[in-house]
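Single-structure report; data block below.
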Amino acid sequence: MRWFSAVLKQTAAGLRLLLVMTVLLGLVYPLAIWGIGQIPGLRANANGSIVTVDGQAVGSSLIGVDPVDPNAKDDPANDRYFHNRPSAGAQDVLGPGDPSSSGPSNLAADNPKLVEAVKKRQEAIAQREGVPVAQVPADAVTASGSGLDPDISPAYAQLQLKRVAKVNHLTESQVAQIVAENTKGRGAGFVGQPTVNVLALNLAVKAARH
Amino acid sequence: MNDTWAGLLQLALLLAALAVVYRPLGDYMARAFTSKGHWKLERALYKVVRVNPDSEQRWSTYAYGVLGFSFVSVLFLYLLQRLQTVLPLGLGRPEISPSVAFNTAVSFVTNTNWQSYVPEQAFGHLVQMAGLTVQNFVSGAVGIAVAVALIRGFTRANTDRLGNVWVDITRAVVRVLLPIAVLFAVVLMGLGVVQSLSGGVDVTGIDGAQHTVALAPVASQEVIKELGTNGGGVLNANSAHPFENPNGWTNLIEIFLILVIPVSLTRTFGTMIGDRKQGYTLLSVMTFLWGGMLAVIWWAEAHPNGPAALLAGSAMEGKETRFGIPSSALFADSTTGTSTGAVNAAHDSLTGLGGGGALLNMLFSEISPGGVGTGIYSILVFAIIAVFLAGLMVGRTPEYLGKKLGRKEITMASIAILAMPTLVLVFAGIAVVLPATGDALTNSGAHGLSEVLYAYASASNNNGSAFGGLTVTNDWFQSTLGVCMAFGRFIPILAVLCLAGGLAAQRKVPPSAGTLPTSGPLFASMVAGSVLLVAALTFVPALALGPIAEALS
């Protein structure tokens, strides 16, 4: 039974090490990082990049939740918003996800459910924008990995531009300017993909209207 | 610039960054695990833990330490989850069921970080910080400790001592993981990653809709999740979640963090054994496999064959706009070539070939470049097998790094290598004939088989990524995946420590004219060949029915 007492002795030492590490790595370390995150400059990021308008939190610049326009219920072409990508968390094939959760659809490319969803989305978006189905870009009809993608491709922003200008009584060049201002290229020219932040677009359109 | 060029430049920047830190970090780690001196903080820790840092242990005692530490860690993490409703910082989140708590405890202690729950709805901050973040550090440290013990088996002679497990774990945390984690946690916050003690913030969208945006202490765990090749998301979407991975730069940094320690440990190995070419040789095998699988996954995702992707025009299902195809492929390859398992895109929605590439990366026993510590010890085991096979061909007693490889050494190496395929094939085989499995699948046909195969490969290799369409909440999956994680972790660890003990006890054999040179391209191709051979012999039938069938359809 000598080995058994050796096991016990090592396990007891392991328990003591675990408790010490829990204090160091489980409390001191994350709270220290949290403290550093409260320094001005890091603070806005650490707290979730929350965007406020007139003191009211309207969302996070990192979290995409598709806005719903009640006027678009009967006539999709009468929708005033730029729209996000589909979300696996949404009730229907299009529409807002739920930012208190996150996740992808996990559907494979040969799953009939996904084929059906892509078709429905293409038709709905083509109808909303008044264009042929072939013009709808891939990111507009596929659910993102997080279900909360804040961005769309420049192509999808361009596709929505005409409708948004018309419904909001702005000129196309005004909205084109807004899209250009909110389009981010690849980092340093090659890191990541070009993106357009949807919340920023909609806020800028709203501001231009007033 | 088009996607391909942008992706290639990202790849070049990543490799350049790894090349810059390779020497200094590798040598620093070698010093950290050979130095006789102790830091003040370490001395204080040893005092509280009541261990004598200058006494060394036999392989068996070292192994008892690893097992004992992991056992109490599972117990502690289990209780922390079960008691979250009565402990502080629970955020009012629900009680965790015994099966979820068991699976999660084993998962994080074994460096797997498989997740069968939605973290932002299941766990409060105390479980995240005092439970999961801690295991992100120490499970990585255990892997490094075992690797260092094996390397000492080669460097030492005529001794039954391998080092002190408590010293090795403590140094891996204090000298290696923690300083890098602090630095990059701040960098990640600067680039947009969240670190909040609030459970969520209520917002009123521009359309007037009310939402709650989930928040958590992400940055502190995100960094060690990658650096320690753990992979458990603080948020359900893992590194696809914009709060964990907000832009192309954070994505590249996270991939760098995943690779940096496993890659640099080949330098640590070379430095410790006093022959750096040996380390470069193993690194070249890792790079070859990593690069090869990257090419497969990237090409497959850029040229999808599934009907939905063809209809949409691109394989963007499950991928984020800011990453697109190249950055998602680079992440998928790196996370499955190591034991990380973090994902920035839904692996279940990868193409047949792309998902198959990720799966095969794991089935190579995760050595390209592998997890922290586990990568280097696993590839050393393959090197031993390669020397043995070569020895058989020419009829010589095999030697590696001045040690004779006798029956004991080869037996231990074989056990270490064969544990994972056995677990994967046996449990996946049983799972696919169970009637309940059909209901657990999101996708059917060849892709459905891939979901099950991927789950057991991920658990048995301690990866933790998933074809997330498989619903793993029933008791069969929760318990068998837990068993795979535990056996897949500790059988190889025990075999490796026993092997290390045997090697350290031997005398050094000076190389003779008949000794097979174990550095250079010839030996590298033999090691790579052994890896490919073992994977092909064990997994080709299963792969043919899953991802290969899907890729050819």
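The values are calculated or read from the model by the stated rules, or taken from the named source; none is laboratory data. Please read all numbers here as calculations on a predicted model, not as lab measurements. Glycine also receives a Cβ, built like all others from the backbone with ideal geometry; neighbour counts cover every protein chain displayed.
Check B:Gly370, B:Gly354, B:Gly318, B:Gly324 and return the single one that is within 15 Å of B:Asn247 (Cα to Cα) and buried (at least 24 other Cβ atoms within 10 Å of the Cβ). First the steps, then the outcome.
Details: B:Gly370 fails: within 15 Å of B:Asn247 (Cα to Cα); B:Gly354 fails: within 15 Å of B:Asn247 (Cα to Cα); B:Gly318 fails: within 15 Å of B:Asn247 (Cα to Cα).
Step by step, each of B:Gly370, B:Gly354, B:Gly318, B:Gly324 is checked, and only B:Gly324 is within 15 Å of B:Asn247 (Cα to Cα) and buried (at least 24 other Cβ atoms within 10 Å of the Cβ).
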Report, by residue number, each residue of segment B:416-436 that is surrounded by fewer than 18 Cβ atoms within 10 Å (Cβ to Cβ) and closer than 24 Å to B:Leu499 by Cα.
B:Leu418, B:Thr422
Can you name the number of the only condition in (1) of a type in the set (A, V, I, L, M, F, W, C); (2) part of a helix (DSSP H, G or I); (3) touching a residue at least 24 places away in the same chain (Cβ under 8 Å); (4) under 24 Å from A:Val7 (Cβ atoms) that B:Val72 fails?
(3)
Scan segment B:106-126 residue by residue and report those that are buried (at least 24 other Cβ atoms within 10 Å of the Cβ) and among the small types (Gly, Ala, Ser).
B:Ser107
Which number in (1) assigned to a helix (DSSP H, G or I); (2) touching a residue at least 40 places away in the same chain (Cβ under 8 Å); (3) of a type outside the set (Val, Ile, Thr) marks the one condition that B:Leu197 misses?
(1)
When (1) within 17 Å of the chain's Cα centre (by Cα); (2) more than 30 Å from B:Gly143 (Cβ to Cβ) are applied to B:Ser339, the one that fails is (2)
Only residues that are part of a loop (DSSP other than H, G, I, E, B) and of a type outside the set (A, V, I, L, M, F, W, C): list them for segment B:512-547, please.
B:Ser512, B:Gly514, B:Thr515, B:Pro517, B:Thr518, B:Ser519, B:Gly520
Within segment A:15-36, does at least one residue satisfy the condition of being within 29 Å of B:Met189 (Cβ to Cβ), more than 7 Å from chain B (Cβ to nearest Cβ) and not aliphatic (A, V, I, L, M)?
yes
Given the conditions (1) under 23 Å from B:Pro246 (Cβ atoms); (2) hydrophobic (A, V, I, L, M, F, W, C); (3) part of a loop (DSSP other than H, G, I, E, B); (4) out of contact with any Asp or Glu (no Cβ under 8 Å at 6 or more places or on another chain), report the number of the one that B:Ala216 does not fulfil.
(4)
Can you pull out the residues in segment B:302-326 that are in contact with a Lys or Arg (Cβ under 8 Å, 6 or more places away or on another chain) and not β-branched (Val, Ile, Thr)?
B:Leu311
Has segment B:17-36 got at least one residue that is more than 20 Å from B:Gly232 (Cα to Cα), within 13 Å of chain A (Cβ to nearest Cβ), surrounded by fewer than 16 Cβ atoms within 10 Å (Cβ to Cβ) and without any contact (Cβ under 8 Å) to a residue 12 or more places away in the chain?
no
Read through the list (1) under 26 Å from B:Thr268 (Cα atoms); (2) in contact with a helix residue (DSSP H, G or I) (Cβ under 7 Å, 6 or more places away or on another chain), then give the number of the only condition that B:Pro179 fails.
(2)
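Return yes or no: is B:Ile410 part of a helix (DSSP H, G or I), touching a Phe, Trp or Tyr at 6+ places or on another chain (Cβ under 9 Å) and over 19 Å from B:Thr538 (Cβ atoms)? Can you show your working first?
Numbers: part of a helix (DSSP H, G or I): yes; touching a Phe, Trp or Tyr at 6+ places or on another chain (Cβ under 9 Å): yes; over 19 Å from B:Thr538 (Cβ atoms): no.
So B:Ile410 fails the test.
Tell me, yes or no, whether segment B:140-160 has at least one residue that is among the polar types (S, T, N, Q), buried (at least 24 other Cβ atoms within 10 Å of the Cβ) and more than 20 Å from B:Leu259 (Cβ to Cβ). Spell out the reasoning first.
Kept after step one, since they are among the polar types (S, T, N, Q), are these residues of segment B:140-160: B:155, B:158-159.
Restricting the remaining residues to those that are buried (at least 24 other Cβ atoms within 10 Å of the Cβ) gives none.
No, segment B:140-160 has no match at all.
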State whether the residues of segment B:517-530 include one that is within 19 Å of B:Val296 (Cβ to Cβ), in the same structural domain as B:Ile384 (by TED's automatic domain parsing) and among the aliphatic types (A, V, I, L, M).
yes
Answer yes if at least one residue in segment A:47-66 is closer than 23 Å to B:Leu235 by Cα, more than 9 Å from every other protein chain (Cβ to nearest Cβ) and crowded, with 23+ Cβ neighbours inside 10 Å, and no otherwise.
no
Contact list please: Cβ distance under 6 Å, first residue in segment A:73-101 and without any contact (Cβ under 8 Å) to a residue 60 or more places away in the chain and under 15 Å from A:Pro150 (Cβ atoms), second residue of a type in the set (Asp, Glu) and surrounded by fewer than 24 Cβ atoms within 10 Å (Cβ to Cβ), pairs at least six apart or on different chains.
A:Gly89/A:Asp98; A:Pro96/A:Asp66
Residue within segment B:402-411 that is touching a residue at least 24 places away in the same chain (Cβ under 8 Å), over 30 Å from B:Ser239 (Cα atoms) and under 26 Å from the mean Cα position of the chain (by Cα) present:
yes
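Regarding B:Leu418, is this residue under 20 Å from the mean Cα position of the chain (by Cα), farther than 19 Å from B:Gly352 by Cβ and aliphatic (A, V, I, L, M)?
Details: under 20 Å from the mean Cα position of the chain (by Cα): yes; farther than 19 Å from B:Gly352 by Cβ: yes; aliphatic (A, V, I, L, M): yes.
So B:Leu418 fits the description; yes.
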State all residues of segment B:185-207 that are closer than 24 Å to B:Val372 by Cα, more than 7 Å from every other protein chain (Cβ to nearest Cβ) and surrounded by fewer than 23 Cβ atoms within 10 Å (Cβ to Cβ); if no residue qualifies, say none.
B:Val187
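Run down B:Pro53, B:Pro94 and say which single residue is part of a loop (DSSP other than H, G, I, E, B) and either modelled with pLDDT under 95 or more than 30 Å from B:Gly270 (Cα to Cα) (or both).
Numbers: B:Pro53 fails: either modelled with pLDDT under 95 or more than 30 Å from B:Gly270 (Cα to Cα) (or both).
Step by step, each of B:Pro53, B:Pro94 is checked, and only B:Pro94 is part of a loop (DSSP other than H, G, I, E, B) and either modelled with pLDDT under 95 or more than 30 Å from B:Gly270 (Cα to Cα) (or both).
Going by what's in this entry, would A:Arg43 be described as among the basic types (Lys, Arg) and crowded, with 17+ Cβ neighbours inside 10 Å?
Values: among the basic types (Lys, Arg): yes; crowded, with 17+ Cβ neighbours inside 10 Å: no.
Taking the combined requirement at face value, the residue does not satisfy it.
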